[in-house]
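Notes follow the structure.
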Amino acid sequence: MEREVRIAKEPFQLNIFGPQAVGKMTVGFEVQRLTGAALVHAHMVGDLLTEVFEFGTEPFVRLAYAIREGIIREAAATGTNLIRVSSSTEMSSSMAF
């Protein structure tokens, strides 16, 4: 089935969130394919930080928040289209992307 795609004229940030294992990344990848937007997810930051700090420790949480906030702010400031994928449990904690 062919879909009509309308690309936003203004920069956008799309947040996809929901329970684990329901297809959020699949939807995110499809939106990325159709729009060319950058796709980021919580594991990207977590994977980077667990190379240095134990998951959930104070430095891990502080840096995770700072990195995620920085990505969101810089995308908005530069007009970069951004798709963020998070689980519902991440959205209710400081670990949300």
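Bear in mind these aren't lab numbers, they're just calculated from the coordinates by the rules spelled out. From a predicted model like this one, the values you see are computed outputs, not experimental measurements. FYI the Cβ positions are ideal-geometry reconstructions off the backbone, even for glycines, and counts take in every protein chain you see.
Residues that are in a helix (DSSP H, G or I) and surrounded by fewer than 16 Cβ atoms within 10 Å (Cβ to Cβ) within the range 48-66 comprise 48, 58, 59, 62, 65, 66, listed in sequence order.
If the condition is being among the acidic types (Asp, Glu) and over 20 Å from residue 85 (Cβ atoms), then the range 45-62 contributes 51, 54, 58.
Is there a residue being without any contact (Cβ under 8 Å) to a residue 24 or more places away in the chain and in a helix (DSSP H, G or I) anywhere in the range 6-26? Within the range 6-26 (the criterion being without any contact (Cβ under 8 Å) to a residue 24 or more places away in the chain and in a helix (DSSP H, G or I)), the answer is yes, since at least one residue qualifies.
The combined condition, being farther than 22 Å from residue 9 by Cβ, among the basic types (Lys, Arg) and over 12 Å from the mean Cα position of the chain (by Cα), is not fulfilled by residue 68.
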